[in-house]
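Quick notes on the structure that follows.
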Amino acid sequence: MKRKLRMAMVGGGLTSFIGPVHRKAIGIDGEIELVAGAFSIIPEESTATGEALYLDPSRVYLTYPEMFEKESKMPADKRVDFVSVVTPNHVHFGPSKMALENGFHVIVEKPIAFSLEEAQTLKKLVDQTGLVLALTHTYTGYPMVKEARHMVRSGVLGKIRKVYVEYPQGWLSKPLEKSGNMQASWRTDPKQSGMGGAIGDIGTHAANLAEYITDNKITEVCALLNTVVEGRRLDDDCSMLVRFDNGASGVLIATQVAAGDENNLNIRVYGEKGGLEWKQEEPNTLVVKWLDKPKEIMRAGWTYLSDDAKRFIRTPAGHPEGYLEAFANIYRGFTQAIRDYKPGVKTDYAKYDFPDVEDGVHGMTFVETVVRSAQSNEKWVKIN
Ligand code: NAD
């Protein structure tokens, strides 16, 4: 396929947060062009977004069902190849399902769906159709996170024993949802966010990051979910003990009421012979600590990094890469998987290194288990 891939977007209106981030990210490698979209729940905003992006007005739709109906009838040399779903959580399932049913690949924001049941339905559809589905757990797209995973996999740290992962944000320290803030409103509404508040919004990122780096799954949790801001309907603060399938234990914290914090996602992982430390707000540095020799500071852009990390770096050392590039890295793997896609042949997701439908189902299982654990008197609740 010697051409740019054609993308449609659901969500991502002019006033939204993450849709514009995706649009910038796809521009980084120049492999994708946005040609269609149903950009907003507000029809006028969808039209205005299409205009601002100079799209053909006949491919700017007022609703996503209309978009699928019309795009699926387009000739093969015009029709979109995939759909990017960047709507609030309760509108992930509908467009993703419709995309798969109409033969389009999908890249969808996290958490993959509103409920575990929806996530499982999407998995069934991916299995049946063989179409490619990527999930934008952004933080696994950072090169030094990939280096951290490479080091764990290579065995230099020995068996992993302990994990600390924390994702403190402060932006929901006040009841912003009451003053009409769009991002706060749906995130704190159980009908739009799902059964988890902070746990679904950022706890899933923390869990996914810990599982990605350690190459182990969280199997049990002992969780505390708090609603700190008065009148809020979902949790805005979570703390938990976790156990991983290799026997390692850990602590996971995700809170949106850490006043003054931005996106202070940090992880520390310790094995028998040494440990790793990565901070999202300083993403080009990976600190490696050893039991019997001095600490090392590894930096993005250097030749000493593994190919697992190097292939996702675009600029020389010292020129910061970050959030947009992490999204671009997920799109890079996804794009390659679509280019390699052959109907009837199962995609080998490990080859491309991006979060997929299995991660999505596991993430929803994680959210539901944490909520159950927080409501239970049992010490440990299993994820299954
Ligand atoms: P937002 O409220 O800023 O934007 C949502 C957009 O979806 C709006 O343009 C809205 O009009 C549109 N929309 C809603 N219903 C629609 C429908 N039926 N049809 C078409 N458009 C519709 O939300 P946001 O903060 O951008 O979050 C969107 C998603 O991205 C969420 O699932 C969130 O969890 C996820 N997210 C992920 C990251 C990340 O780092 N990966 C960061 C932020 C948000």
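The values are calculated or read from the model by the stated rules, or taken from the named source; none is laboratory data. Owing to the predicted nature of the structure, the values given are computational and were not obtained by experimental measurement. Positions of Cβ are backbone-derived with ideal geometry, glycine not excepted, and every protein chain shown enters the neighbour counts. Each accessible area value is taken on the protein alone, full model and side chains, heavy atoms only, with ligands, DNA and RNA left out. Shrake-Rupley method; radii C 1.70, N 1.55, O 1.52, S 1.80 Å.
For the reader, a short list of remarks on this structure follows.
- In order through the stretch 259-267: 3J(HN,Hα) via Karplus (6.51 cos²θ - 1.76 cosθ + 1.60), integer Hz, x for Gly, Pro: 3, x, 6, 9, 10, 7, 6, 9, 9
- Remark: spin-label model distance residue 215-residue 44 equals 5.5 nm, labels positioned 7 Å along the Cα→Cβ axis.
- The order of the peptides 177-185, 77-85 by mean Cβ neighbours within 10 Å, most packed first, is 77-85, 177-185.
- Surface composition of the stretch 168-241: carbon and sulfur make up 54 percent of the accessible area, probe 1.4 Å.
- Helix-only arithmetic for the chain: the sum of -39500 (n - 2.57) across DSSP H runs with n ≥ 4, divided by the residue total, places the mean residue ellipticity at 222 nm at -10000 deg cm²/dmol.
- Share, in percent, of DSSP beta bridges within the chain that are antiparallel, nearest 5: 60
- Average accessible area per residue (Å²) across the stretch 109-240 - probe 1.4 Å, nucleic acids and ligands excluded: 36
- Degrees, to the nearest 10: 18-29 long Cα axis against longest axis of the chain: 90
- Taking a Cβ cut-off of under 15 Å around residue 174, the surrounding Lys, Arg, Asp and Glu residues balance to a net charge of -2, with basic ones at +1 and acidic ones at -1.
- With contacts taken as Cα pairs under 8 Å at a separation of at least 6 residues, the stretch 44-129 carries a relative contact order of 22 percent.
- Our note on the geometry: Cα centres of the stretch 323-381 and the stretch 155-206, 17 Å apart.
- The count of lysine pairs in the stretch 169-313 that are at least 8 places apart or cross chains, and whose C-alpha atoms lie under 17 Å apart, stands at 6.
- Distance-filtered residues of the stretch 209-230 - backbone nitrogen under 12 Å, label point 7 angstrom along residue 378 Cα→Cβ: 220-223
- Summed side-chain charge close to residue 322 - residues other than residue 322 whose Cβ falls under 13 Å, Lys, Arg +1, Asp, Glu -1: -2
- Note on residue 350/residue 290: beta-carbon distance plugged into 1/(1 + (r/R0)^6) with R0 of 22 Å gives a FRET efficiency of 0.15.
- Rounded tilt (10° steps) of 357-375 against the dominant C-alpha axis of the chain: 60
- Accessible surface, per residue, of the stretch 291-344 when the full set of protein chains is kept, probe 1.4 Å, Å²: 58
- The string of couplings for the stretch 181-190 from the Karplus curve (6.51, -1.76, 1.60, θ = phi - 60°) is 5, 4, 5, 6, 4, 6, 5, 9, 10, x Hz, one whole number per residue in order, with x for Gly and Pro.
- Helix 143-154 and the longest principal axis of the Cα set of the chain meet at an angle near 50°.
- Per-residue packing, averaged as other Cβ atoms within 10 Å, sorts the ranges 293-305, 197-209, 122-134 into the order 197-209, 122-134, 293-305, beginning with the highest.
- Sequence ranges 318-327, 373-382, ranked by mean other-Cβ count within 10 angstrom, highest first: 318-327, 373-382
- Radius 9 Å from Cβ of residue 79, net charge of other residues (Lys, Arg +1; Asp, Glu -1): 0
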